[in-house]
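Asker: Got a structure for you, questions after.
The values are calculated or read from the model by the stated rules, or taken from the named source; none is laboratory data. Here the structure is a predicted model, which means the values were calculated and not measured. Here Cβ is always computed from backbone atoms with ideal geometry, including for glycine, and neighbour counts include all displayed protein chains.
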Amino acid sequence: MSMDEISAQMPLLVFLVIGTLAVASSILVVAMRNPVHSALFLLLTFLCVAVLFVIKSAEFVAAVQVLVYAGGIMVLFLFVVMLINYRHLPEDRVLSKVWLGGIGVGLAVFVLFFSLVRNGAYADQAPDAAKKLSTVSESYLTQHPSDPSKLVRRTRDRENRNAEAVGMALYRDYLVPFEVVSLFLLVAMIGAIVIGKRELSSEEEESTPQFILERAEVEKEVKESMSA
Amino acid sequence: MPSTAQYLMLSGTLFAVGLIGVIVRRNMITVLMCIELMLNAVNINLVAFSHRLADLQGQVFAVFVITVAAGEAAVGLAIIIQLYRMRSTVNVDEVKTLHG
């Protein structure tokens, strides 16, 4: 086998290895008892999926996946897991009462997907899909030419301008959905703050830790002695 | 180059695993993680078809799905924290006031 053939088979090899890793770690997300372990395996799954995006020449989505999922959402999950002291929770049973039915439904969905795909509808190799996609990106950019004087740095690599093309599509063709999504994020942010806010009722004020109350007493005494 | 069918099978597997997790697990945080897993499986489909059809729409939609997943995670975790403060539990089976 020549060097060219090996390099041509490289994406398939990477797909097989990374895909197996993704499936295995996703199963471990479900199987792990400790939520921290689940979260870390979820992180591994997200990183594997980002690699799969790169194989399908969606570099921008892969970058967003790493930034938003692996960076933002995972930190949020770990933060909440740490905030909730799960060791104090009773852990008699991990699985819910309907676990047998759940596994049955999951397997049924899996078989359904498999039978749909196994039909051979998409089994053929889409010939030179990567080249076509980059041509589409290129035509997109020539269709909506950006002002070169306003660009700080033009991408020198003409082969790979995925991020630029997706950005152009987002800000031109999908401007209204983009704005709606930004409004959605604002609503989600306000909702999270309002729901997560601790309401200080008089009952909770009474339950201020003892050492803070003692400290306040000491400070009061010191102030009085200073003024006297 | 892996074919679209292989990508669809992978995403179907991830989706089924996430679905099993949502139904089977009792810990609410893990359930939320499994929902994220399912959304990610959908993203794999979108990107695979974007590549196959040579159309950027799929990637744009994947970006939107990621945004919605982020908002969903933020609100869901806030609800879980508030529930933990009120009930001292994150167990799905123990939160059944609406059960009737």
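Asker: Would you check if there is a residue in the range A:85-105 being closer than 17 Å to B:Thr13 by Cβ, at the interface with chain B (Cβ under 7 Å from one of its Cβ atoms), modelled with pLDDT of 80 or more and surrounded by fewer than 19 Cβ atoms within 10 Å (Cβ to Cβ)? Write out each step before concluding.
Answerer: Going residue by residue through the range A:85-105, those that are closer than 17 Å to B:Thr13 by Cβ are A:102-105.
Next, only the ones that are at the interface with chain B (Cβ under 7 Å from one of its Cβ atoms) stay: A:102-103, A:105.
Filter once more, keeping what is modelled with pLDDT of 80 or more: A:102-103, A:105.
Those left that are additionally surrounded by fewer than 19 Cβ atoms within 10 Å (Cβ to Cβ): A:103, A:105.
Scanning the range A:85-105, I find at least one residue that is closer than 17 Å to B:Thr13 by Cβ, at the interface with chain B (Cβ under 7 Å from one of its Cβ atoms), modelled with pLDDT of 80 or more and surrounded by fewer than 19 Cβ atoms within 10 Å (Cβ to Cβ), so the answer is yes.
Asker: What do you reckon, is B:Val68 farther than 16 Å from A:Ala169 by Cα and among the β-branched types (Val, Ile, Thr)? Walk me through it before giving the result.
Answerer: Working: farther than 16 Å from A:Ala169 by Cα: yes; among the β-branched types (Val, Ile, Thr): yes.
Against the criterion (farther than 16 Å from A:Ala169 by Cα and among the β-branched types (Val, Ile, Thr)), B:Val68 qualifies.
Asker: Still on this model: Step by step: first the residues of the range B:27-63, then only those that are of a type in the set (Gly, Ala, Ser) and assigned to a helix (DSSP H, G or I), then the one that is surrounded by the fewest Cβ atoms within 10 Å (Cβ to Cβ). Which residue is that? Show your work before the answer.
Answerer: Restricting attention to the range B:27-63, the residues satisfying the condition of being of a type in the set (Gly, Ala, Ser) are B:41, B:48, B:50, B:54, B:58, B:62.
From what is left, the residues that are assigned to a helix (DSSP H, G or I) are B:41, B:48, B:50, B:58, B:62.
Numbers: B:Ala41: 24, B:Ala48: 28, B:Ser50: 26, B:Gly58: 22, B:Ala62: 26.
Once the filter is applied, the top-ranked residue is B:Gly58.
Asker: In this structure, is B:Asn27 closer than 20 Å to B:Gly12 by Cβ, among the polar types (S, T, N, Q) and in contact (Cβ under 8 Å) with a residue 24 or more places away in the chain?
Answerer: Numbers: closer than 20 Å to B:Gly12 by Cβ: no; among the polar types (S, T, N, Q): yes; in contact (Cβ under 8 Å) with a residue 24 or more places away in the chain: yes.
Judged against the criteria, B:Asn27 is not a match.
Asker: A follow-up question, please. Listed residues B:Ile35, B:Ile81, B:Ile23; which is at the interface with another protein chain (Cβ under 7 Å from one of its Cβ atoms) and under 13 Å from the mean Cα position of the chain (by Cα)?
Answerer: Numbers: B:Ile35 fails: at the interface with another protein chain (Cβ under 7 Å from one of its Cβ atoms); B:Ile81 fails: under 13 Å from the mean Cα position of the chain (by Cα).
Every option except B:Ile23 fails the conditions.
Asker: Which of (1) more than 21 Å from A:Val29 (Cβ to Cβ); (2) touching a Phe, Trp or Tyr at 6+ places or on another chain (Cβ under 7 Å); (3) within 7 Å of chain A (Cβ to nearest Cβ) does B:Gly58 not meet, given it meets every other one?
Answerer: B:Gly58 satisfies every listed condition except (3).
Asker: Let me ask something else about it. From A:Val109, A:Val49, A:Val68, A:Val81, which residue is facing chain B (nearest Cβ under 9 Å) and either in contact (Cβ under 8 Å) with a residue 40 or more places away in the chain or in contact with a strand residue (DSSP E or B) (Cβ under 9 Å, 6 or more places away or on another chain) (or both)? Show your work before the answer.
Answerer: Working: A:Val109 fails: either in contact (Cβ under 8 Å) with a residue 40 or more places away in the chain or in contact with a strand residue (DSSP E or B) (Cβ under 9 Å, 6 or more places away or on another chain) (or both); A:Val49 fails: either in contact (Cβ under 8 Å) with a residue 40 or more places away in the chain or in contact with a strand residue (DSSP E or B) (Cβ under 9 Å, 6 or more places away or on another chain) (or both); A:Val68 fails: either in contact (Cβ under 8 Å) with a residue 40 or more places away in the chain or in contact with a strand residue (DSSP E or B) (Cβ under 9 Å, 6 or more places away or on another chain) (or both).
Exactly one residue qualifies, and that residue is A:Val81.
Asker: A follow-up question, please. Can you pull out every residue in the range A:65-84 that is within 17 Å of B:Ile66 (Cα to Cα), buried (at least 23 other Cβ atoms within 10 Å of the Cβ) and not aromatic (Phe, Trp, Tyr)? Steps first, answer last, please.
Answerer: The first filter runs over the range A:65-84 and keeps only residues within 17 Å of B:Ile66 (Cα to Cα), leaving A:65-77.
Subset that is buried (at least 23 other Cβ atoms within 10 Å of the Cβ): A:65, A:69, A:73, A:77.
Answer for the range A:65-84, where residues must be within 17 Å of B:Ile66 (Cα to Cα), buried (at least 23 other Cβ atoms within 10 Å of the Cβ) and not aromatic (Phe, Trp, Tyr): A:Gln65, A:Ile73.
Asker: Sticking with this one: Does the range A:52-63 contain at least one residue that is more than 7 Å from every other protein chain (Cβ to nearest Cβ) and out of contact with any helix residue (DSSP H, G or I) (no Cβ under 8 Å at 6 or more places or on another chain)?
Answerer: no
Asker: Counting only residues that are surrounded by 17 or more Cβ atoms within 10 Å (Cβ to Cβ) and outside any helix (DSSP H, G or I), how many does the range A:2-45 have?
Answerer: 1
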